[in-house]
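Q: Questions regarding the structure given below will be posed in turn.
The values are calculated or read from the model by the stated rules, or taken from the named source; none is laboratory data. Since the structure is predicted, the reported quantities are computational estimates derived from the model, not experimental observations. For neighbour counting, all protein chains shown are included, and Cβ atoms are generated from backbone atoms with ideal geometry for every residue, glycine included.
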Amino acid sequence: MASLSKTYTNRKSLTRDVLHLIYPETCVSCENELTGNEAHICSICDADLTETSYHLFEEASPFDKLFWGRVKLSHTFALFSFTKGSVLQRLLFQFKYHHTQTIGTLFGERIGKRISSVDQYSSIEVLLPVPLHPKKEFVRGYNQSLALAAGISKTSALPLDNKVLKRKHNNTTQTKKDRFDRWENVSSVFAVSEDVKKYKHVAIVDDVVTTGSTIEALVHAIRAVHPEVEISVLTMAIA
């Protein structure tokens, strides 16, 4: 029996090696071929990524301060801080516009590991990905916040619920709007299910946070239904 198992494993490894020769996996950032020990991103590009370590901060982080005077949040966490022209910028562009869901899974898993290593996030009960309008999700092929939340769930064991938050309107892009215009653009587009009342502490998951207008609008929408709920925010990057 052990011999059969070993033979199967060897054949599986051989098949993987042959497929790699025919269809080599490349880095999602630089597109160079990956080695056998690398997954999705090469070690050179990965080394260029500097984590924020916000989960280890004893005082308020820049992410916390972004929402001061706007909405009350229990905790915030961003894996990276965005800088123009960086590996991170290329990764985010691939993630958002080039159908590269593996980026969300990869870095979502890292977020899950980071927040699981400290007690302050232990009371979070569920992950709520920022919703896309169905039309935009159909065109893009997936919801990047849901992909990120799935990765977080995998390594943190937190469940995700993508039914609680809905986007009612397919609002225009946020890219070239200032903070006021962004707020006006998202202030009335979200609907929140009564099911949110099942939870005492939820974590909104967004791929990238810039001005925070989307998060602010979601927090107001959630608290209109469930005023007592604690809300935290998890994201791949803060810009």
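Q: Pick from THR83, THR76: which is buried (at least 19 other Cβ atoms within 10 Å of the Cβ), under 26 Å from ALA217 (Cα atoms) and among the β-branched types (Val, Ile, Thr)?
A: THR76
Q: Do you know which residues across the range 183-224 are surrounded by fewer than 18 Cβ atoms within 10 Å (Cβ to Cβ) and more than 18 Å from ARG70 (Cα to Cα)?
A: Once the filter is applied, which keeps residues that are surrounded by fewer than 18 Cβ atoms within 10 Å (Cβ to Cβ) and more than 18 Å from ARG70 (Cα to Cα), the range 183-224 yields ALA191, SER193, GLU194, ASP195, LYS197, LYS198, LYS200, HIS201.
Q: When the residues of the range 34-66 are narrowed to those that are of a type in the set (Asp, Glu) and touching a helix residue (DSSP H, G or I) at 6+ places or on another chain (Cβ under 9 Å), which ends up farthest from ASP207 (Cα to Cα)?
A: Among them, the one singled out is GLU38.
Q: Does PHE107 fit the bill of being assigned to a strand (DSSP E or B), surrounded by 17 or more Cβ atoms within 10 Å (Cβ to Cβ) and in the same structural domain as ARG223 (by TED's automatic domain parsing)?
A: No; evaluated as a whole, the condition is false for this residue.
Q: Do we find that GLY69 is outside any helix (DSSP H, G or I), assigned by TED's automatic domain parsing to the domain that holds VAL209 and either under 18 Å from VAL205 (Cα atoms) or at pLDDT 95 or above (or both) in this structure?
A: Against the criterion (outside any helix (DSSP H, G or I), assigned by TED's automatic domain parsing to the domain that holds VAL209 and either under 18 Å from VAL205 (Cα atoms) or at pLDDT 95 or above (or both)), GLY69 qualifies.
Q: Can we say THR235 is in contact with an Asp or Glu (Cβ under 7 Å, 6 or more places away or on another chain), of a type in the set (S, T, N, Q) and part of a strand (DSSP E or B)?
A: So THR235 fits the description; yes.
Q: Could you tell me whether LEU132 is hydrophobic (A, V, I, L, M, F, W, C), at pLDDT below 95, assigned by TED's automatic domain parsing to the domain that holds LYS200 and out of contact with any Cys (no Cβ under 9 Å at 6 or more places or on another chain)?
A: yes
Q: Since GLU125 meets every condition but one in (1) in contact with a strand residue (DSSP E or B) (Cβ under 7 Å, 6 or more places away or on another chain); (2) of a type in the set (Asp, Glu); (3) without any contact (Cβ under 8 Å) to a residue 40 or more places away in the chain, which condition does it not meet?
A: That leaves (3) as the condition not met.
Q: So which residues in the range 54-80 are of a type outside the set (D, E, K, R) and free of Cβ contacts under 8 Å to residues at least 24 places away in the same chain, if there are any at all?
A: Across the range 54-80, the qualifying residues are PHE57, ALA60, SER61, TRP68, GLY69.
Q: Still on this structure, I have one more. Against the condition surrounded by 23 or more Cβ atoms within 10 Å (Cβ to Cβ), touching a Ser or Thr at 6+ places or on another chain (Cβ under 7 Å) and at pLDDT below 95, how does LEU127 come out, does it pass?
A: In short, no.
Q: Please work out which one of (1) in a helix (DSSP H, G or I); (2) under 17 Å from ASP206 (Cβ atoms) is the condition ILE124 fails and give its number.
A: Answer for ILE124: the failing condition is (1).
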